[in-house]
Structures are given as structure tokens and as C-alpha cells.
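The values are calculated or read from the model by the stated rules, or taken from the named source; none is laboratory data. Predicted model, so just to flag it, every value in this text is computed and none were measured. Don't worry about glycine lacking a Cβ; one is built from the backbone with ideal geometry, like all the others, and counts go over all protein chains shown. In case anyone asks, the SASA skips ligands and DNA or RNA and just uses the protein heavy atoms, side chains included. Shrake-Rupley method; radii C 1.70, N 1.55, O 1.52, S 1.80 Å.
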Amino acid sequence: MTQLLEVIALDAADAVAAQEGGADRVELVSDMAADGLSPTPRTVAEVRGAVDIPIRVMIRRTNGFAAGDVDDLLRRADTLRDAGAEEFVLGFLSPDGDPDLPAIERIVHELHGAPWTFHRAIDHCADRAALRAAVAELPGLDGFLTAGAAAGVDDGIATLVAEAQGPQRILAGGGLRLDHLPRLRAAGIDAFHIGSGARPNGWGSPASATAVRLWRDAIDG
């Protein structure tokens, strides 16, 4: 596989900056104060019209990792697909920290085989290996967005290194810094996810093509 760089986008301007900086893909979300919720269908359509790179759209309606109203999530998935979404990000846990398979399976069925990422709920689960095994055969799943630990890559890098050769692709993200790259790349990790790393002036400012290019060069170098 080629080296993958995914950048969080909140709107079309972010997505354009990500593409100009060399990102391979954007993760489209809203409300980073809640760690990323579903965008509006209008935003999906605007981003689809602004960039050519793939867009992974978040399916998540509330803060935390409980699915909440699954019927509402299914309706949102349908409206996102109608707006042009073709790839997705999702993942839900039960109160015990296990994967909420009934909710996940219903939503994945609604996506009709579209590719999707299991997001950082894995960093808050009771048993990472059990979660990965439980969802491994779900249609469309092609990787896990993970920092290796709830607190971020600083705490989880050893876990990421240990999981690098597993059956599903690891998309390393969550407090990821440039100085983490050498160890992660040496372990075989080839996919990286940045949010604040694309925004040197913080979340109140748009993504920077220059900052994204810095990551692109570091990953490729």
C-alpha cells in the first residue's frame, strides 16, 4: 500500500487546503468540541464539489461512543449518501466497553458495502483485540483510526507498533506529531491522520495547505 495521509475537514475550504497540501483523503466532520460529529448533507455536497480526493464522512450524532438513537443514525446515513457521501467513519461501544455490534451491523448494512473506518472508539474499549476480531468481517471495513490509547499517541505508540502487522490497516491519529513518524513507519504503519497538525493556528482557523504539505513530505520522505 502507498503511504496514506488523511486530514480532518470541517468544510470545503479545509478540504481544498488538504488537497492542495497533498492529502490523499479527508475525514469530514462537524463540531470538534465533541470530537467530531456528522456533517450536514449540505456540507457533504459542497465538499464533493470542491475536491477530487476521497471523503470519509462521520456517522456520529452525540459526544461519547454510545450509538444513541440508531434509527436516527440510519436516517442520517441515508441523507449523507443522498448528498454524495461514498465512504464513512463510525464505531460504537456498549456501556461495558464492548463493540455495539447490533448498532454497527445495522448501519453497515445501510451503507451497502461502502468502505468505512472504525474510529477512535477502539481507544476506549474494554479489549482491543476482541473488538478487532468482532468487527473484522463486516462489509466495507478497511482500517482502524487509533492512537493506541485514549490519551493519544504519546501514550499509545507502543500499542500501535505492536498492532502494525495485524490484518486490518492502522490509521494512526490522535495527538499525532511529526516526531512520532519514524517509529511508526519503521513498524510498518503506512497511514496517518491529522487534525490539529493541519492547523498551526488552532481549530478556530482553517486548515493550512502549507502545514499539510509539511506532513506529506515527512511521510513520503
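The charge dipole of the chain, taken about its Cα centre with unit charges on the Cβ atoms of Lys, Arg (+1), Asp and Glu (-1) only, comes to about 360 debye. Taking a ≥ b ≥ c as the square roots of the eigenvalues of the alpha-carbon gyration tensor, the stretch 1-43 is classed prolate because a/c is 1.5 or more and a/b outweighs b/c. Between His112 and Ser94, the distance separating the two model label sites (each 7 Å from Cα on the Cα→Cβ line) works out to 3.1 nm.
Across the stretch 87-151, the relative contact order, built from alpha-carbon pairs under 8 Å that are at least six residues apart, equals 38 percent. For a label point 7 Å from the Cα of Asp155 along Cα→C-beta, name the residues of the stretch 104-122 whose backbone N is under 15 Å from it. Counting backbone N atoms under 15 Å from the label point, the list is 120-122.
Projecting label points 7 angstrom from Cα along Cα→Cβ for Ala133 and Ala162 puts them 1.5 nm apart.
Shape annotation for the stretch 1-150: C-alpha extents along the principal axes are 41, 33, 30 Å, from largest to smallest. A straight line joining the Cα centroids of the stretch 61-122 and the stretch 183-205 runs 24 Å. For the chain, with all protein chains in place and a probe radius of 1.4 Å, 50% of the accessible heavy-atom surface sits on carbon or sulfur. Remark: relative contact order (the chain) = 21 percent; criterion is Cα-Cα distance under 8 angstrom and separation of 6 or more residues. Between Gly204, Gly84, Gly152, the GNM of the chain built on Cα springs shorter than 10 angstrom shows Gly204 fluctuating the most.
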